[in-house]
1. Select from segment 59-98 the residues that are of a type in the set (S, T, N, Q) and over 15 Å from the mean Cα position of the chain (by Cα) and write down the one among them that is surrounded by the most Cβ atoms within 10 Å (Cβ to Cβ).
2. Provide a single number: the residues in segment 72-130 that are touching a residue at least 12 places away in the same chain (Cβ under 8 Å) and within 16 Å of residue 26 (Cβ to Cβ).
3. Against the condition of a type in the set (Asp, Glu) and over 19 Å from residue 39 (Cα atoms), how does residue 145 come out, does it pass?
4. Does segment 31-84 hold any residues that are at pLDDT 95 or above and of a type in the set (Ser, Thr, Tyr), and which are they?
5. Across segment 107-139, what is the total count of residues that are within 16 Å of residue 77 (Cα to Cα) and open to solvent by 80 Å² or more (accessible area, probe 1.4 Å)?
6. What is the one condition in (1) part of a strand (DSSP E or B); (2) under 19 Å from residue 35 (Cβ atoms); (3) polar (S, T, N, Q) that residue 62 does not satisfy?
7. Which of the residues spanning segment 30-55 are assigned to a helix (DSSP H, G or I), under 13 Å from residue 93 (Cα atoms) and either open to solvent by 40 Å² or more (accessible area, probe 1.4 Å) or basic (Lys, Arg) (or both)?
8. Please report, ordered by residue number, the strands (runs of 3 or more DSSP E) entirely within segment 73-144 with at least 2 residues that are closer than 15 Å to residue 40 by Cα and not aromatic (Phe, Trp, Tyr).
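The values are calculated or read from the model by the stated rules, or taken from the named source; none is laboratory data. This one's a predicted model, so the numbers in the text were calculated from it and none came from an experiment. Every residue, glycine among them, receives a Cβ derived from its backbone with ideal geometry; neighbour counts consider all protein chains shown. Surface accessibility is based on the protein's heavy atoms, side chains included, excluding ligands, DNA and RNA. Shrake-Rupley method; radii C 1.70, N 1.55, O 1.52, S 1.80 Å.
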Amino acid sequence: MNSTIRYLALVTVLIWAAPALAEMPPSIEVWKSATCQCCGKWVSHLEENGFAVKTNAADTTTLDKIKRKAGIGEKLDSCHTAKIDGYVIEGHVPASDIKRLVAERPDAIGLTVPGMPLGSPGMEQRDGKTEPYDVLLIKKNGATEIFASH
């Protein structure tokens, strides 16, 4: 009888806590240079869009190791790497695309914006100058396809 009461109490707590848990911001972990301003601006972009961000300072050698281990080749890399919900996020990927990735859950490694395109999150210019860029979905076989265009 005592275990039944405990079970019912636990179920009750979980039912009451479920809405609060659903409202918790998605958590993302970022590795970046401690001195990179564009990486810091990208982290701010994520926070402004509801992400809970854990940031790790990493030197170039460590960043390269993290990228290669995650399946990010040199042609796809950028200045920072993040992980969220089993996916890798490389470079200046907009928060909206990360949210879409996590919601749709494709069978993939993650997303990348190779290089540092002007106007992408963290790469905004004072004069408002932008350049078109694609967010690429990295498939598990290393191939890519366009996930979003900006």
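1. 62
2. 20
3. Answer is yes for this residue.
4. Passing the criteria: 44, 55, 81.
5. The number of residues fulfilling the criteria is 1.
6. If we test residue 62 against (1) part of a strand (DSSP E or B); (2) under 19 Å from residue 35 (Cβ atoms); (3) polar (S, T, N, Q), just (1) comes out false.
7. 41, 44
8. Details: elements: 81-84, 87-91, 108-113, 134-139.
Ranges flagged: 81-84, 87-91.
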